[in-house]
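These notes concern the structure reproduced below.
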Amino acid sequence: MKEQSAATGPLRGVRVIEFAGIGPGPFASMLLSDMGADVVSIARPGQGKRDVRDFVNRGRRVIELDLKSAAHIEQALDLIAAADVLIEGFRPQVMERLGLGPDVVLKRNPRLVYGRMTGWGQTGPLSQAAGHDINYIAITGALDSFRSGSGETVSPLNLVGDYGGGALYLVVGVLAAVIEARASGKGQVVDAAMCDGVSSMLTMFHSLRATGRWTEQPRTNLLDGGAPFYRTYECKDGGFMAIGALEPQFYAELRQLAGLDEECYDAQMNRAEWPKVQEKMAALFKTKTRDEWARILEGSDACAAAVLGLFDAPKHPHLAARQTFVTADGYVQPAPAPRFSRTPSAIQGSPAVPPVDAADILAQWSETTAAQTV
């Protein structure tokens, strides 16, 4: 594991204060840490010691502060005054009530980027309501687009709201604001709401609707399981193959390798034929096991891949060759992403580091700042 003094990555030298929470905030902080940022997490008293298996909390130092204590609030303000970024995921006005809202801290640190991560956003009629990922993606139309063959909605884990429309948009916004602050000398608030981020992620589908290429009926469209050449098929052994042969040349390759010779396969984009073609392809894929189909199709331009179990993924030859998973603290976990050619990312430390004192962090940051100005 990397020691804090030996941090690597393109964000080396960027200081982040994270107010510990759940969901997208910790994941965003993990991404920033993996890219080299010096992340300090403020936890409640007694909650700073973390499990080594809690990979999302890797790569930051932890301090414990009682935010109901005036003395501890002052320590938090001192840390924030020396930071580049603040990340919090409380309901709107909680930080203000603590005395740590943007109006207060930006006076102490005018260059600070203040990242606010919520589901509903800082404003709007639902802004004070409780919620989780599944609620935020529900109102955007995203959840309605994930349906089983029987029509039941299927939760896409918390990847779409918490991580896709939440953490990733928070990171993009924070880094954009850091770049701008370095030019202007002024920080600002980044209001990252999952309902906004997920809606942004759905831009292409609003475009498809506008051009008449998307209907509101689930599993009748190009990418929602309606197209026979873009969906999964159960195999003889109960495993599944994922087929994504969208372009004509890739569809032709699929036809050749899978033996789709009948005339019904000729008109790829004839939606009226899709149900019949799906039925025939479903019967065909059940004639071989998943691994047999993988040997035939995977690695070709048929755009096909075996559907692996979540914890089988590290064993896939492609992911193994790319070292997409690494072993740290004795546990297999996803490696930092994306990759940089000159300033490589790295896991900066274990999730299970013991809490440290705020004074120690401030002293170290002061020494670093002094050395940089010499």
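The values are calculated or read from the model by the stated rules, or taken from the named source; none is laboratory data. Just so we're clear, the structure is a prediction, and the values are computed from it rather than from any experiment. Every residue, glycine among them, receives a Cβ derived from its backbone with ideal geometry; neighbour counts consider all protein chains shown. Remember, those area values only see protein heavy atoms, side chains included, never the ligands or the DNA or RNA. Shrake-Rupley method; radii C 1.70, N 1.55, O 1.52, S 1.80 Å.
Can you give the alpha-carbon Rg of segment 9-60 over 2.2 N^0.38 Å, where N counts its residues? It would help to have the intermediate numbers written out before the result.
Working: Rg = 10.6 Å, N = 52, 2.2 N^0.38 = 9.9 Å.
That ratio works out to 1.07.
Charge dipole (Cα centre; +1 on Lys/Arg Cβ, -1 on Asp/Glu Cβ; no other charges) of the chain amounts to roughly 380 debye. The phi torsions of segment 131-144, fed into the Karplus equation with coefficients 6.51, -1.76 and 1.60 and a -60° offset, translate into couplings of x, 9, 2, 4, 6, 5, 6, 5, 6, 8, x, 5, 4, 4 Hz, rounded to whole numbers, with Gly and Pro shown as x. Amide H to amide H, with H built 1.01 Å from N, ALA328 comes under 5 Å of GLN333, counting only residues 5 or more places away or on other chains.
So how do THR211, THR123 rank on accessible area, 1.4 Å probe, biggest first, that is with the largest at the start? Mind showing how you got there, number by number?
Numbers: THR211 80, THR123 105 Å².
Descending order: THR123, THR211.
Could you tell me which residue out of ALA306, PHE55, PHE285 lies farthest along the dipole of the chain toward its positive end? Charges go on the beta carbon: Lys and Arg +1, Asp and Glu -1, centred on the Cα centre. Of the options given, the answer is PHE55. Taking amide H as placed 1.01 Å from N in the peptide plane, the amide H of VAL356 sits under 5 Å from that of VAL62, ILE63, GLU64, each at least 5 places away or on another chain. Mean residue ellipticity, 222 nm, helices only, the chain: the sum of -39500 (n - 2.57) across DSSP H runs of n ≥ 4, divided by residue count and rounded to 500, is -10000 deg cm²/dmol. Counted by Cβ distance under 15 Å from LEU67, the other residues give a net charge of -3, where Lys and Arg count +1 and Asp and Glu count -1. Solvent-accessible surface of the chain, taken per residue with a 1.4 Å probe and all protein chains present: 52 Å².
Assign unit charges at the C-beta atoms only (+1 for Lys and Arg, -1 for Asp and Glu), then state the dipole size of segment 222-374 relative to its Cα centre in Debye, rounded to the nearest 20.
The dipole of segment 222-374 has a size of about 160 debye.
Once the dipole of the chain is set up with Lys and Arg at +1 and Asp and Glu at -1 on Cβ about the Cα centre, which of ALA138, ALA294, TYR251 lies farthest towards its positive end? Result: ALA138.
Residues with amide H under 5 Å of THR220's amide H, sequence separation 5 or more or different chain, H placed in the peptide plane at 1.01 Å from N; which? So THR220 has HN proximity to GLY226. Within the listed set ASP312, ASP54, ASP357, the residue fluctuating most in the Gaussian network model of the chain (springs between alpha-carbon atoms under 10 angstrom) is ASP312. Global dimensions of segment 310-353 from alpha-carbon coordinates: Rg and Dmax equal 11.6, 33 Å. Ranked by the mean number of other Cβ atoms within 10 Å per residue, highest first, peptides 87-98, 104-115 order as 104-115, 87-98.
Determine the dipole magnitude for segment 217-275: charges of +1 sit on the beta-carbon of Lys and Arg, -1 on that of Asp and Glu, nothing else is charged, the reference point is the Cα centre, and the result goes in debye to the nearest 20. Write down the numbers at each step before the final one.
Numbers: 5 positive and 10 negative charges, 51 e Å.
Its charge dipole is roughly 240 debye.
From most to least packed by mean Cβ count within 10 Å, the peptides 275-285, 344-354, 40-50 give 344-354, 40-50, 275-285.
What percentage of the solvent-accessible surface of segment 109-228, computed with a 1.4 Å probe over protein heavy atoms, is contributed by carbon and sulfur atoms? Percent of accessible area from carbon and sulfur atoms in segment 109-228: 59.
So, counting K/R as plus one and D/E as minus one, what does the shell of residues with Cβ under 12 Å around LEU308 add up to?
Details: positive: ARG290, LYS315; negative: ASP291, GLU298, ASP312.
Surrounding charge for LEU308 is -1.
FRET efficiency for the pair VAL326 and THR232, taken as 1/(1 + (r/R0)^6) with r the Cβ-Cβ distance and R0 = 30 Å, rounds to 0.55.
If you look at the Cα atoms of segment 1-146, you get an Rg and a Dmax of 16.1, 49 Å. Contact order for the chain, expressed relative to its length and based on alpha carbon pairs under 8 Å spaced 6+ residues apart, stands at 22 percent. Scalar couplings 3J(HN,Hα) for segment 55-72, obtained by applying the Karplus form with A = 6.51, B = -1.76, C = 1.60 to θ = phi - 60°, are 4, 4, 8, 6, x, 9, 8, 10, 10, 10, 10, 8, 6, 9, 9, 4, 5, 6 Hz; x denotes Gly and Pro. Counting only Cα atoms, segment 204-353 measures 60, 40, 27 Å along its principal axes, largest extent leading. The distance between label points at GLN93 and GLU216 comes to 3.5 nm (points 7 Å beyond Cα on the Cα→Cβ vector). In this simple spin-label model, placing a label point 7 Å from the Cα along the Cα-to-Cβ direction at both ASP291 and THR369 gives a separation of 6.0 nm. Calculated on the Cα set of segment 108-250, radius of gyration then Dmax: 19.2, 65 Å. I'm spelling it out carefully: the read-out is Kirkwood radius over Cα pairs in Å, the candidates are (i) 21.1; (ii) 23.4; (iii) 26.6, and one was derived from this structure. Which label? Working out Kirkwood radius over Cα pairs in Å from the coordinates points to (ii).
Could you give the angle, 0 to 90 degrees to the nearest 10, between helix 169-184's Cα long axis and the longest principal axis of the Cα atoms of the chain? Between helix and principal axis, roughly 50 degrees. Projecting the Cα atoms of PHE240, VAL154, LEU32 onto the charge dipole of the chain (Cβ charges, centred on the Cα centre) puts LEU32 farthest toward the positive pole. For GLU253, neighbours were defined as the other residues whose beta-carbon sits under 13 Å from its Cβ, and their charges (Lys and Arg +1, Asp and Glu -1) total -2.
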